[in-house]
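The values are calculated or read from the model by the stated rules, or taken from the named source; none is laboratory data. What you see is a predicted model, and the numbers here were worked out from it, not measured in a lab. Virtual Cβ from ideal backbone geometry, glycine too; neighbours counted across all protein chains shown.
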């Protein structure tokens with residue numbers, strides 16, 4: 001805990017309240033402290049000290065971001081939090097199933113993956129999430145643990161093996177590394193911008209050995225701090241397995257033809273053509289086994305069959321912030337999903 005927060009917790013008497021809420025009955029805790037945001041944040045920090053893993057559900061993303069800011073102010077004081085080094089984790093929801101043509105926000109994907117990684121490591125963590133984020137499909141815990149790449153100085157890591165690992169993790173090759181999820185090659189130098197970092201890394205290889213690991217400035221491309229080791233998380237919530245992508249492409253085309261026949265039988269010829277067109281384009285993209293804009297909507301078919309709940313230990317505590325607001329948010333979210341699904345089916349933009 002930060003130096004600022006402990007005295008406040010003791011003086012405010014929130015530790016006793018938090019322990020009573022935690023040990024008086026496990027399960028979801030409904031926070032009802034009143035309108036004071038500082039009071040709510042104090043209570044949550046006290047609860048976290050006992051629970052170690054805390055999941056706070058809010059009504060929407062804006063509420064989650066504001067609450068995270070309140071927690072950061074108490075925990076970190078005036079220090080600017082690095083979202084990839086902090087125990088405070090935002091878990092944004094996914095959007096592609098609301099709009100079949102929408103693309104995933106890379107920053108949201110990276111924030112989710114970092115939160116999930118912390119949970120796999122058993123680190124004390126506060127996850128703040130809109131309630132709808134609980135429904136977001138993601139990579140299973142075992143797959144994330146196996147995919148996480150730990151690189152140490154002195155490791156034997158042939159360049160071809162490293163490149164293969166990065167491609168499997170969803171990283172895209174670029175001439176220059178400028179944003180998270182990219183990597184670049186120059187002889188024995190591999191630049192990579194991890195999804196779980198604010199700064200890219202420069203790995204210098206001497207033969208098959210990792211000679212040095214340095215952070216560098218993406219604008220000037222100049223190396224800065226030297227590291228002994230680095231953890232590289234996946235850039236996407238699916239792993240790029242060619243066999244699985246091929247199977248998914250085949251299944252997509254088969255279902256598209258069945259759907260097109262059904263639409264033609266209903267006199268919806270244009271919708272049938274749209275189904276065949278977009279399914280053919282996306283099946284081709286899947287067979288290329290490389291990132292494409294609407295990939296995230298295939299997560300459940302590509303191994304993304306887990307949710308945040310699958311990562312939580314039995315001792316985790318759920319807190320529902322403003323339960324009435326959360327309930328209304330989930331009901332509205334369900335209506336939006338139903339309407340968008342019905343519209344997309346009618347237009348031939350998705351498959352049944």
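Taking the conditions exactly as written (surrounded by 16 or more Cβ atoms within 10 Å (Cβ to Cβ) and more than 25 Å from residue 308 (Cα to Cα)), does residue 151 satisfy them or not? Yes: the conditions hold for residue 151.
A count restricted to the range 208-232 and to residues that are assigned to a loop (DSSP other than H, G, I, E, B) and under 20 Å from residue 150 (Cβ atoms) stands at 2. The residues on offer are 72, 108, and the sole one that is modelled with pLDDT of 90 or more and under 22 Å from residue 311 (Cα atoms) is 108.
Answer with yes or no whether residue 171 is under 30 Å from residue 221 (Cβ atoms), in contact with a helix residue (DSSP H, G or I) (Cβ under 8 Å, 6 or more places away or on another chain) and buried (at least 22 other Cβ atoms within 10 Å of the Cβ). No, not satisfied.
Report yes if residue 21 is modelled with pLDDT under 60 and either exposed (fewer than 13 other Cβ atoms within 10 Å of the Cβ) or not in a strand (DSSP E or B) (or both), otherwise no. Yes, satisfied. Residue count for the range 229-248 under the criterion of being within 21 Å of residue 85 (Cβ to Cβ) and surrounded by fewer than 24 Cβ atoms within 10 Å (Cβ to Cβ): the result is 4. The residues listed here are 108, 131, 115; of these, the one that is out of contact with any strand residue (DSSP E or B) (no Cβ under 8 Å at 6 or more places or on another chain) and surrounded by 16 or more Cβ atoms within 10 Å (Cβ to Cβ) is 108.
Among the conditions (1) part of a loop (DSSP other than H, G, I, E, B); (2) surrounded by 16 or more Cβ atoms within 10 Å (Cβ to Cβ); (3) outside the structural domain of residue 316 (by TED's automatic domain parsing), residue 83 misses just one, which is (3).
Candidates in the range 50-80 are the residues that are part of a loop (DSSP other than H, G, I, E, B) and touching a helix residue (DSSP H, G or I) at 6+ places or on another chain (Cβ under 8 Å); of these, the one that is surrounded by the fewest Cβ atoms within 10 Å (Cβ to Cβ) is 60. Across the range 179-203, which residue is surrounded by the fewest Cβ atoms within 10 Å (Cβ to Cβ) among those that are over 15 Å from the mean Cα position of the chain (by Cα) and assigned to a loop (DSSP other than H, G, I, E, B)? Per the criteria, the residue is 187.
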